[in-house]
Every structure is written in C-alpha cells, then in structure tokens.
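Asker: Take a look at the following structure, please.
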Amino acid sequence: MRRKRFGLRTITGLLLAGLVAAGLQSGTATAAANAVRGPDLALGKSVTADGAHAGHPAGNITDGRQLSYWEGPAGAFPQSVRVDLGGTVEADQVVLELPSGWEARTQTLAVEGSTDGNSSTSLSGSAAHRFDPADGNTVTLDFTAREVRHIRVRLTANTGWNAAQLSEIEVYGSDDDGDPQEPPVDGTDLAFGKPVEASSTIHSFVAANANDGRTETYWESGGHPATLTTELGADADLSGVVVALDPDPVWAARTQSIEVLGRAQTSDTFTSVRARADYTFDPGSNRNTVTIPFTGRYADVRLRFTHNSSGYGAQVAELKVMGTAAPNPDLVVSRPRHPPRRTPSPSARPCATPGRPPPPPPSMSAWKAPSRAAPPSARSPPASPRPSPPTSARVPGAVTRCPPRWTPPAPSPNWTTPTTAAPRPTG
Ligand SMILES: [Ca+2]
Ligand SMILES: [Ca+2]
C-alpha cells in the first residue's frame, strides 16, 4: 500500500501557527518548517553527470552539504546530472541549491523523471530560474506527483559562471520503503535485552535505554556522528529495524539521518545494509516510530547517525531488530564471540577520514565573497524547541561535528540522449 504523503503541509501549517502564537520569529519558523518536510529521497544516492570539474564532482550534489557543489566542464552546455533514487518513488517536488553565500545568478534548466533510466518525462520544462542568496540560493520546483526512480536536471545556461553548477538536488514525495504506516517488518524483536553499546552517551541517557522495552527511556549521543550497536548473539535472518522515540506529543517532530549496517558472526567488519537516509519522527503522523526494512543474515546490527534536526545528538528510545534466528550449528563449538568493540567517543577521536579529500574552496573568480557574513546554511537549522522529557542541564557546544563520508556513486543506467540539442545561451 502506498503511503500517503506525510500530511506535511498540514503539519507545517500547525507548527507555523504554533510558533507564531509563541511569538517566534519567521526565520525560526522557516527552519522548523524545513525540519518537518519529508525526507530528502535523493540524499546519499548515486549521481552521474555528463562531465565535471575535477574539484567539484557529481557526488557533491547528494552529500547533504550546501557548501559542496558539482560543476560541469567550462563552456560546455548543455550539461546533465542524474540521480538514481535506488527505487521507484512518487515525487512531487525537486529543490535545487547553490552555496548560500554565492552571488545571485540565473540558470536555465529542465527537470525530467524516468522509471527505467531510458525513457523520460518532463517534470519541469526548461526555464530560467534565479538562484538568489536572499532566498538561500534555493530554487523549489513543484510538479504533479509522478512515479520516478531517476531524476535528471539538464542545464543549458548560467549567467554567473561559464559552467553548470548545483550544490544539492533534493527530491521530495513519498517513498514506499520505510513506510512507518505499513505493517512492521516480519519476525520478532531479537534485540530486546541484548548487549547494546554506543559510540558516545550524554548524561544518563545510556545505550541500555535503547532496548529496555520502554519508550519513555532513551539513549542520546554526545553529538554526531554516533553509532548504536546491538549484538544479537548469533546470526539471524533479518527483515529490518524499528526505531522509536517516545510517542508523547511533548516531543516535537524531528528528522534523523540514519545508515544501517550489519555484521555476520563470521565477519570482523560491518557492511552497509541500508544507505544513509533522512527519517522523520513525528508523534502526530507516525507515533515517533520509523521502520527501516532490509534483508540479510547478521549477528550484530549498527545504526549510524549523522544528523538530528532537533540539534542535539542521536536519540533512540527503542531499537527493535526484526527477524528470525538462523541455522547456527557451530555457534557454541567453534567460534568465540567477538571481544567487545568499544569505540572512543567523538570528542576523543579525530573525524573519520573521508573517502577523498574535500574539494578546494571555489575560485575567487567564480563568486564574490559576500560583504557580510554568509547566512547560515539551510542545512543547519537552529534547534527546534527541546522536548521536555526529564533531563538535566545540557552541555551545548561540546559537540565536535565530523563531515559526512563521501560515498562513491554507483553506475547508473544509460539515459537516452534527447534528439534535439538544447539552445546555447546567448552572450
Ligand atoms: Ca552538496
Ligand atoms: Ca527505552
């Protein structure tokens, strides 16, 4: 069953009304509204482009950072960049971004969608779109909801630079995967009461709170990235995880960016079983519970968190690992359990080394340094009102944030090149 769009506009309206009533400023309201928009279905997904400037590869376009961008080869229009969403979704909005501090420019572009990577349909026809720092250098394109797996943006002109430029492509709509309103994944909860450990913990919100069977107790990390790992004791055939926060409405809606990893009992390393994606926890629409399906035989399951729109560390009240025990004849006889693997806290270890060095800063000739302090990135909304579950005083500012890892894009299917060349920009 296809889930309904999250009722986000309704939620946003109610939230905005509440914030206005509370006398908060519009900037706070906007950030909060962004926080409850559905997950970005393109985040972390594979990207290919016709070409790219060596320092600004296509992968920058779904890395969740507005500051990092893709740039096409100089002087070569048209240019296309394509995102494979990994599965068919029903999309009705694409958001395009440039770094928020750049001077205004207009890019002529069209957005197309495809279910098979070959035939495509127009989602937003070719038109000139202005990227303006006054609007966060963000362009939002709404269109009639369509089922797509691939999104392609074709750019034919850029008034600000002699190449196509985009720092983020975000896709919104509904995604059949991870539908919190669908029946839970199969099997029983194999994580209840099992050993669980976290990369960091703040105050008394310890990891053991995450599988004690009570949603009123929760684990919270001391920043991001953070991991929560549960050891099932033996391999099991898994169908997914259920991640819950307290459904009490005192918890405001929030989005957490989560990757799921698994490790078989014969392996020493974790592998990703579900790519990083944004999941919205909302007491009003999904009882603050998110289901993340995957399949595989694993003994240990790890959640890796890289963002929480509430502005605090990763938060999990209950982690359920759903599945059934796997045949395991030699568990006791021949294979000792792994020794405990404790990861030092983020404050005690350096940031993870990304898969490649970060791109150099943009050439000064490409954009003017803003005369004032650049506005905060749209990726860093201020903290939403903190829920008021029992807690002692927080220690703000103690968190060391690490950059998200870069994931190399997977090859995407060929995409039929349009028969008509797009017009070149004049001048
Ligand atoms: Ca980016
Ligand atoms: Ca709990």
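Asker: Answer yes if at least one residue in the stretch 25-44 is modelled with pLDDT of 85 or more, within 16 Å of the chain's Cα centre (by Cα), more than 16 Å from ligand 2 (Cβ to nearest atom) and outside any loop (DSSP other than H, G, I, E, B), and no otherwise.
Answerer: no
Asker: Looking at the stretch 204-221 only, could you name the residues that are more than 7 Å from ligand 2 (Cβ to nearest atom) and of a type in the set (Ser, Thr, Tyr)?
Answerer: SER204, SER221
Asker: Under the condition of being crowded, with 16+ Cβ neighbours inside 10 Å and among the hydroxyl-bearing types (Ser, Thr, Tyr), which residue from the stretch 176-228 is modelled with the lowest pLDDT?
Answerer: Filtering first and then ranking leaves THR215.
Asker: Against the conditions (1) over 21 Å from SER124 (Cα atoms); (2) not in a helix (DSSP H, G or I), where does ASP92 fall short? Just the number, please.
Answerer: The number of the failed condition is (1).
Asker: Do we find that GLU231 is crowded, with 19+ Cβ neighbours inside 10 Å and among the acidic types (Asp, Glu) in this structure?
Answerer: Numbers: crowded, with 19+ Cβ neighbours inside 10 Å: yes; among the acidic types (Asp, Glu): yes.
Yes.
Asker: Please count how many residues of the stretch 185-212 are in contact (Cβ under 8 Å) with a residue 40 or more places away in the chain and small (Gly, Ala, Ser).
Answerer: Looking only at that region, the number is 6.
Asker: Hey, among VAL81, VAL47, which residue is touching a Gly at 6+ places or on another chain (Cβ under 7 Å), crowded, with 18+ Cβ neighbours inside 10 Å and modelled with pLDDT of 50 or more? Full working, then the answer.
Answerer: Numbers: VAL81 fails: touching a Gly at 6+ places or on another chain (Cβ under 7 Å).
Going through VAL81, VAL47 in turn, the sole match is VAL47.
The values are calculated or read from the model by the stated rules, or taken from the named source; none is laboratory data. Just so you know, these numbers come straight off a predicted model, no measurement behind them. All Cβ positions, glycine included, derive from the backbone under ideal geometry; neighbour counts span all protein chains shown.
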